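In what follows, a structure is listed as structure tokens, so that the remarks can point back to it.
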Amino acid sequence: MGQPSIVSQMSEKVNSRSGKSYLPTIGIECHVQLSTKTKLFSEVDNDARGKSPNSCVSPVDYGLPGMLPRLNKEAAYYAVRAGLALNAKINLESRFDRKHYFYPDLPKGYQITQMFHPIIGEGFVELPDGTKIRIEHAHLEEDAGKLSHENGYSLVDLNRAGTPLVEIVSQPDIHSAEHARDYCKELWRLMTYAEVTFGDLYNGNMRFDVNISVAEEGATELGTRAEVKNLNSFRSVERAAKYEIERQIKLIENGEAVKQETRGWSDASGETTAQRSKEMAQDYRYMPEPDVPPVRLSKEVVEVERAKLPKMPADYRELFGGLIATDTLEVLLDYPLLMQKLAEVADNSGTGAVKIANLFSSVLLAEENASLLNDELPSREQLLKLVEMLEENQLSSTGGKEVFLKFFDPEMHYKNTETIAKELGVVQENDLAALEAIVDSMLAKPETKKAQDDYRAGQEKVLGFLVGQVMKESRGKANPSSVQEILRKKLQ
Amino acid sequence: MKTASKDLTAVSMVKAALEKAHHYQPDYHIFTWINDAAIKKAEEIDRRIAAGEKVGRLAGVPYALKDNFLTPEGETTASARILEGFESPVTATAVKKLEAEGAIMIGRTNLDAFAHGSSTENSYYGPTKNSKDLTRVAGGSSGGSAVAVALGIVPFATGTDTGGSIRQPASFNGVFGFKPTYGTISRYGVVAMASSLDCVGFFAENTDDMDLLMMICAGQDSYDLTTLPDYYGKEQVFDDPVKKIAVVKDFDNEAISPEIRAALKAEAEELRANGHEVIELEMPALKYALAAYYIITPAEIASNLSRHDGIRYGFRSEDSGDLTALYQNTRGEGFMSENKRRIMIGNFVLSSGFYDAYYLKAAKARTLLIQEFDKAFRECDFLLMPVSPNPAFRLGEKVNDPVAMYLEDVLSVSLNLAGLPGLSVPVGETEAGLPVGLQLVGPRRGDRELIRFGGEIHKNSAAGSTERHADIMGGKD
């Protein structure tokens, strides 16, 4: 890498060095681990975080002979919610199938999935810039276990085996690496807003398989695609897509064929490498799962899940678009709890929500305050009072920030806004008589004499110095614009 | 059947069963394991009886368990090497229900490995011999269980029936064998063969016992999503003593041995003589049953046997240098030839490009078959047909001819494809003294009425009259 990319920012067409124009086409499959209490087909704990290997495994997940899957209804309900978040049709009858392959992380020798009749039908995801990516379908399936390799041994951990997944399959509607990234990010937002997953990418709660092909502009057929598997960050999706687009264009320009194959991505080298060619591809020998009858959902169940959906990113964009700067809003949208809080504030004060949004983005999301995001957020009442005090000039913007930070202080967070402001001593002095007294005492000081003379002689800029002195005298409580006004009068 | 009481101790019943088991085992090879510790359970039953505590409906009754039911007692081998050393941490639902009623398992019985076969010759531990003729097969796959009941070791034994594995060995040994409606008894804890066809059922000496076993074991189980809502014993029955029985014409040909055809005709006459209506019925879709069965079943088998990979339990080949070798050698050495044959057929019919031509077509044939049976039961109460084309054949006669062996199942598999109940009723013997059974088939959920009527057929049959004769002579209690 290192060289300037031939893929220009957000543009769909890509111009090669030879001057030809190419259109990348990308489709993405995303696996979302559902945060249900128990696994998809057994009653053991689905949350293995911090637990020792193979401690969350039932005889079903272990693939013991004679064991039969029991469907976890909660997983089906979660899938319904995921589907609604994808603006998708919910199929009231869906079925399970078996997908066969041999690997030690797959105890039964097959994965129970939905090949032919998925629970979620066609839908779409709208990206922040308004682009619509169609969803082909999404289905429920079980996750496999995990292998690790140590000292010449391969160790199998089945804690994850049987975790419910929703696999979301997009149409090949994506035409740039940036959109690929944005799509994945938007999926992550939708799934976390819908509260169907913990959404922890680092721990593989969402994983992306990206199918990429390029074709010369005007070509009637898509190019041969390669699939980059198992990406687990938005950045790696973008980088891998970018790399693949360049690699495929180079191959075509050199008169070589793009091979249909599975490729792996290395974050360290920034490259994709061939893993398995089409010829080596497995035949999964799909067949209907005879142990699990069709899943039938009532319309009522769908409505119950719809009612559970909180406000989604699109709702917030509608609510705050034009009020909160788009950049700020898009950053804040990554934090559903912050958005919920903003919506609460907005119910009472639209301008207040904008102020709080700015505090969230400038204070809470500042790197040095990263740890605060794990703490309890301030209450609606605290925030509304803060807005009021800012609007009435009882707090300067600096004072407001200080109070805001104290909302997260374990010693202070339960106190009301006013009390905190008073204890901090940041309530602004707006009483003109009191301010005049401070101004007078400052002007009486010999060290300000020269500045006063200079101002009178026409040097406007020393006024700032004098205001500063008053602010110092007032220990920051004075409202600077009021101080300026008084000073101008006094020095006439 | 007799249960333990103050006058008849469970210990004496279990001891007698164990003695017989050990007595017959060397010649007949009925068991993969004999549970000598069963005495302890019998002592506990006796203690409770002595203490005046309540005991179950099968208190102290010794029984034999087909070795594909999981229990922590002994190893569950399914007569397959690949499950060698496998000790189950769980207990099959059916076993739980039997033991809750006080039944005591005295041994695990031999079967064709993973229930693949019609003779019990495909067992890793060697074949079980026919109860009437040591040179002949016991039938299969539940051969050990059938022989254990036929030799009077136990009054009942469990079986599984995917394509005739209860009914055929029952008829080969002259005992009752019942395959219920699919989904009547939970499959939880039973080593799967073909999930959409597998049924748990029983071998018993009479239909009253069979009814009791069904009352105990039938019922919906949240651990098996394919179980039906409880119906057995709840249905309206015995409303009309006169029945309409249809004899299927399509099997009246030279593919079926003359003695068996004669037994069927004689039984039809007997039924007429007893005031029932007997009609003849054509069922053209039946001819597709065997082909459909030998596509759908291997497909499900190949899938269900995928879990036996040597990684987590059972046998693992010594020669497993890398993962591929581990898989290939473990499965190569651990499965019997018949297992491998079915795995290969199954994977073939499921492979991409062949799925539509085989599996999907077979699934359509299955639907046709179900419709044809539905139609038949609009015209009659029961179907009567042979269980198998021949009486027990000789050991080794068909084991190297898979197709001949598969043809043994031609009359039994259609019920499994359609999910129907079938009772193998002992009706007589061939000239050579080999038992002959006939199969009474009923509509889905018609299990209880079917069992009752099976008892009537038996009573009026040659086999029944021999027993009546023996009763008079005091030969049988």
Checklist outcome for this item: Restricted to region A:100-138 and to residues being buried (at least 20 other Cβ atoms within 10 Å of the Cβ) and in contact (Cβ under 8 Å) with a residue 60 or more places away in the chain, the residue farthest from A:ASN54 (Cα to Cα) is A:VAL125
Checklist entry - Does A:LEU40 count as in contact with an Asp or Glu (Cβ under 7 Å, 6 or more places away or on another chain), within 21 Å of A:ALA138 (Cα to Cα) and assigned to a loop (DSSP other than H, G, I, E, B)? => result yes
Next on the checklist: Out of everything in region B:342-372 that is of a type in the set (D, E, K, R) and surrounded by 15 or more Cβ atoms within 10 Å (Cβ to Cβ), what residue ends up being farthest from the other protein chains (Cβ to nearest Cβ)?
Outcome noted: B:GLU372
Item to check | Flag for B:ALA365 being aliphatic (A, V, I, L, M), over 28 Å from B:ALA170 (Cβ atoms) and in a helix (DSSP H, G or I) | outcome: no
Checklist outcome for this item: Checked against (1) over 25 Å from A:SER349 (Cα atoms); (2) part of a helix (DSSP H, G or I); (3) among the polar types (S, T, N, Q), A:GLN459 satisfies every condition except (2)
Checklist outcome for this item: Counting only helices (runs of 4 or more DSSP H) wholly inside region B:372-477, the ones holding at least 3 residues that are of a type outside the set (Lys, Arg) and either in contact with a strand residue (DSSP E or B) (Cβ under 8 Å, 6 or more places away or on another chain) or free of Cβ contacts under 8 Å to residues at least 24 places away in the same chain (or both) are B:447-460, B:462-472
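Every residue, every condition in (1) at pLDDT 85 or above; (2) not acidic (Asp, Glu); (3) not in a helix (DSSP H, G or I), yes or no:
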site	(1), (2), (3)
A:GLN382	yes, yes, no
A:GLU388	yes, no, no
A:GLN394	yes, yes, yes
A:GLY400	yes, yes, no
A:PHE404	yes, yes, no
Checklist entry - Can you pull out the residues in region B:294-337 that are at the interface with chain A (Cβ under 8 Å from one of its Cβ atoms), of a type in the set (Phe, Trp, Tyr) and in a loop (DSSP other than H, G, I, E, B)? => result B:TYR313
Next on the checklist: Can you say whether A:GLY204 is farther than 22 Å from A:PRO336 by Cα and either assigned by TED's automatic domain parsing to the domain that holds A:GLU330 or not β-branched (Val, Ile, Thr) (or both), as far as the supplied structure shows?
Outcome noted: no
Next on the checklist: Quick check on region A:415-440: of everything there that is in contact with a helix residue (DSSP H, G or I) (Cβ under 9 Å, 6 or more places away or on another chain) and charged (D, E, K, R), which residue is farthest from A:GLU485 (Cα to Cα)?
Outcome noted: A:LYS415
Checklist outcome for this item: Note on region B:309-353: residues more than 17 Å from A:LYS108 (Cβ to Cβ) and of a type in the set (Asp, Glu) are B:GLU318, B:ASP319, B:ASP322, B:GLU333, B:GLU338
Checklist entry - Restricting the search to region A:59-87, which residues are in a loop (DSSP other than H, G, I, E, B) and either more than 10 Å from chain B (Cβ to nearest Cβ) or more than 20 Å from B:PHE86 (Cβ to Cβ) (or both)? => result A:ASP61, A:PRO69, A:ARG70, A:LEU71, A:ASN72, A:LEU86, A:ASN87
Checklist outcome for this item: Filtering region B:389-411 down to residues that are in contact with a Gly (Cβ under 8 Å, 6 or more places away or on another chain) and at pLDDT 95 or above yields B:ALA392
Checklist entry - Restricting the first residue to region B:60-78 and requiring it to be closer than 20 Å to B:MET13 by Cβ and modelled with pLDDT of 95 or more, which pairs with a second residue that is surrounded by 24 or more Cβ atoms within 10 Å (Cβ to Cβ) and of a type in the set (S, T, N, Q) meet a Cβ separation below 6 Å and a spacing of at least six or different chains? => result B:ALA64/B:THR109; B:ALA64/B:SER145; B:LEU65/B:THR158
Checklist entry - Does region B:108-130 contain any residue that is over 19 Å from the mean Cα position of the chain (by Cα) and among the polar types (S, T, N, Q)? => result no
Checklist entry - (1) assigned to a loop (DSSP other than H, G, I, E, B); (2) buried (at least 24 other Cβ atoms within 10 Å of the Cβ); (3) among the hydroxyl-bearing types (Ser, Thr, Tyr); (4) within 14 Å of another protein chain (Cβ to nearest Cβ): which one isn't true of B:SER131, the others all being true? => result (4)
Checklist outcome for this item: Residue pairs qualifying under the 6 Å Cβ cut-off, at least six apart or on distinct chains, with the first in region A:268-284 being in the same structural domain as A:ASN230 (by TED's automatic domain parsing) and touching a residue at least 60 places away in the same chain (Cβ under 8 Å) and the second being part of a strand (DSSP E or B) and not basic (Lys, Arg), are A:TYR284/A:HIS100
Checklist entry - Within region B:143-165, is there a residue that is in contact (Cβ under 8 Å) with a residue 24 or more places away in the chain, among the small types (Gly, Ala, Ser) and within 14 Å of chain A (Cβ to nearest Cβ)? => result no
Item to check | Candidates A:LYS51, A:LYS39, A:LYS108, A:LYS99, filtered to the one that is within 30 Å of B:ASP322 (Cα to Cα), among the charged types (D, E, K, R) and more than 14 Å from chain B (Cβ to nearest Cβ) | outcome: A:LYS51
Checklist entry - Can you name every residue in region B:228-263 that is within 14 Å of chain A (Cβ to nearest Cβ) and touching a helix residue (DSSP H, G or I) at 6+ places or on another chain (Cβ under 9 Å)? => result none
Checklist outcome for this item: The condition from (1) within 17 Å of the chain's Cα centre (by Cα); (2) within 20 Å of A:PHE407 (Cα to Cα); (3) free of Cβ contacts under 8 Å to residues at least 24 places away in the same chain that A:ASP327 misses is numbered (2)
Item to check | Members of region A:163-188 found to be crowded, with 24+ Cβ neighbours inside 10 Å and either aromatic (Phe, Trp, Tyr) or within 30 Å of A:GLU43 (Cα to Cα) (or both), listed by number | outcome: A:THR163, A:PRO164, A:LEU165, A:VAL166, A:ILE168, A:TYR183, A:LEU187
Checklist outcome for this item: The residue that is farthest from B:VAL191 (Cα to Cα), considering only those in region A:48-65 that are without any contact (Cβ under 8 Å) to a residue 40 or more places away in the chain and either surrounded by fewer than 21 Cβ atoms within 10 Å (Cβ to Cβ) or under 29 Å from the mean Cα position of the chain (by Cα) (or both), is A:GLY50
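The values are calculated or read from the model by the stated rules, or taken from the named source; none is laboratory data. As the structure is a computational prediction, the values presented were derived from the model and not from experiment. FYI the Cβ positions are ideal-geometry reconstructions off the backbone, even for glycines, and counts take in every protein chain you see.
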